[in-house]
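Values quoted throughout were computed directly from the atomic coordinates according to the rules given, and no laboratory measurement underlies them. None of these values were measured; they are calculated from a predicted model. Neighbour counts run over all protein chains shown; Cβ positions are idealised from the backbone, glycine included.
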Amino acid sequence: MMVQATAFVVPEKQASFQSKTVELDALQSGEVLVELKATGICQTDLIVQSGKIPVPFPAILGHEGTVQSPLVAFH
């Protein structure tokens, strides 16, 4: 099952953040789907956006967030 999500994408170096709907690959064995309620852009994300930290573009940035997820037990 493909899952759609909203992501902040930087299409190329020094470009503005763009809110886009992206499709995530189907979950693989051992993976869980977590609903992220909020996220933020930090200083490191802005440095990546500027091109001072080399990453392949387009890039999905933002990594701090609030997660709401049921307890998952791993065996």
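Some values worked out for this structure:
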item: Where labels lie 7 Å past Cα in the beta-carbon direction, separation of ALA26 and ILE53 in nm; result: 3.4 nm
item: Neighbourhood net charge (15 Å Cβ-Cβ; Lys/Arg +1, Asp/Glu -1) for VAL3; result: -3
item: Compactness of the range 1-62, expressed as Rg and Dmax over alpha-carbon positions, Å; result: 13.2, 37
